[in-house]
Structures are given as C-alpha cells and as structure tokens.
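Let me begin by handing over the structure; questions about it come next.
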Amino acid sequence: MAMNCNQFTPKKLATLLAIGGVLWGVVLLLMFGPAALFPVPFGIGYLVTAGYIFRACHDANGIRSWIWGLSAAVQGTWLAIFTLFTLAGSAEPGSIIILMPWWIASFAGSIWAFGNDLDYDLHEWHTHNANAVDQRTEEPTNKEMHRSSGDSSTLHKLLTPGTR
C-alpha cells in the first residue's frame, strides 16, 4: 500500500511542534532573559522539543511512545495551568487567542501521535515476530530432509502416513 504524500503523519506533526517549540523558546528567552533557561518550569519543555526534533529527523523506533507520552503530559499540564489562569481572569485576552489553541492542538496532536506511532511500533514488532515464528515453524521440504538424513527409508516412513 503506497503512502499518500499529503497524509498527515506523526513525523510531520513532530516537525511542526519542533518549529513551534523552538520559536516558543525564543519568545521565552526574549520575555524572561536568562531565567528562561532554568530547568524549572521550562526545562521539560526543552526536553520535549528535543524529542520533537529527534522524531522529525529519525524514525525514533522504540522511543516514539515516550516522546509522545511526555509531550502529552507537558502540553496537557500547560493547557490545564493556562485554563485555570483564564478561568480566574488572570490571563491576557491576547494570550488566550494565541496560547489556548496552541496548547489544545499540541495536546490533542500528541495524544493522536501517541496512538498512531505506538500502533506503528506494535505493527513492526508483530510483523517481525510473525516472520520469526513463520521461519521457525516452516516445515522442511522432502528434498531438504533427504539431504539432512542419510537413511532415506526411515525418512520415507516418517513422511508417508500409515507407514510408521
């Protein structure tokens, strides 16, 4: 089955979120100066952004679910905090217009990607293990068995029903 080039994929989402994360880091740096480089509360976001960049550039097999799970946790936390500030009337109206859609989309997208990339990982695992089982249970042909056994009469008895 050929993949449609216009299909939205977790890798494309990672690219968009990586760009957004880098731009967000620049905005934080401009707003807070060197304080934006402190690990708390921003450091985990930088880690997630690094995960987005890694996922955008690589298949990241085996760690995709970690990238998207951590992303959903971080984006969901920021969304919840910002929602509380908005409900309390502490958020600026301009920031609500920009930040609320960003965090809703990034949170929902992370959950979507977690499910899609996880399914892809499981599909790879299942395909690999199914092939290994097929190879293990595949019965040798008569020719292969004759080659491996010096006594073809015994082999014939084993392979022919009712001659044991």
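The values are calculated or read from the model by the stated rules, or taken from the named source; none is laboratory data. Note that the structure is a prediction, hence the values are computed from the model and not measured. As a convention, Cβ positions derive from the backbone with ideal geometry for all residues, glycine included, and neighbour counts pool all protein chains shown.
For the range 59-76, check the following and say yes or no: at least one residue is over 21 Å from Ile104 (Cα atoms) and among the aromatic types (Phe, Trp, Tyr).
Looking for residues that are over 21 Å from Ile104 (Cα atoms) and among the aromatic types (Phe, Trp, Tyr), one finds none in the range 59-76, hence no.
What about His146, is it surrounded by 14 or more Cβ atoms within 10 Å (Cβ to Cβ), at pLDDT below 65 and part of a helix (DSSP H, G or I)?
Numbers: surrounded by 14 or more Cβ atoms within 10 Å (Cβ to Cβ): yes; at pLDDT below 65: yes; part of a helix (DSSP H, G or I): yes.
Here the answer is yes, as His146 does meet what is asked.
Right, something else. Being in contact (Cβ under 8 Å) with a residue 12 or more places away in the chain, surrounded by fewer than 16 Cβ atoms within 10 Å (Cβ to Cβ), aromatic (Phe, Trp, Tyr) and in a helix (DSSP H, G or I): is that true of Trp103 here?
no
To continue, here is another question. I'd like to check something: does the range 38-55 contain any residue that is outside any helix (DSSP H, G or I) and farther than 16 Å from Trp112 by Cβ?
Yes, the range 38-55 has at least one match.
Which pairs turn up if I take residues in the range 12-38 that are on the phi > 0 side of the Ramachandran plot and of a type outside the set (D, E, K, R) and look for partners that are surrounded by 15 or more Cβ atoms within 10 Å (Cβ to Cβ) and modelled with pLDDT of 90 or more with beta carbon separation below 7 Å, at least 6 apart in sequence or on another chain?
That search, which allows pairs on different chains as well, returns nothing.
Is there a residue being buried (at least 16 other Cβ atoms within 10 Å of the Cβ), modelled with pLDDT of 90 or more, assigned to a helix (DSSP H, G or I) and of a type in the set (Val, Ile, Thr) anywhere in the range 82-94? Show your work before the answer.
Going through the range 82-94, the residues buried (at least 16 other Cβ atoms within 10 Å of the Cβ) turn out to be 82, 86, 91.
Filter once more, so that each one left must be modelled with pLDDT of 90 or more: 82, 86.
Next, from what is left, pick out any that are assigned to a helix (DSSP H, G or I): 82, 86.
With of a type in the set (Val, Ile, Thr) added as a condition, the list becomes 86.
Checked against the condition, which is being buried (at least 16 other Cβ atoms within 10 Å of the Cβ), modelled with pLDDT of 90 or more, assigned to a helix (DSSP H, G or I) and of a type in the set (Val, Ile, Thr), the range 82-94 yields at least one hit.
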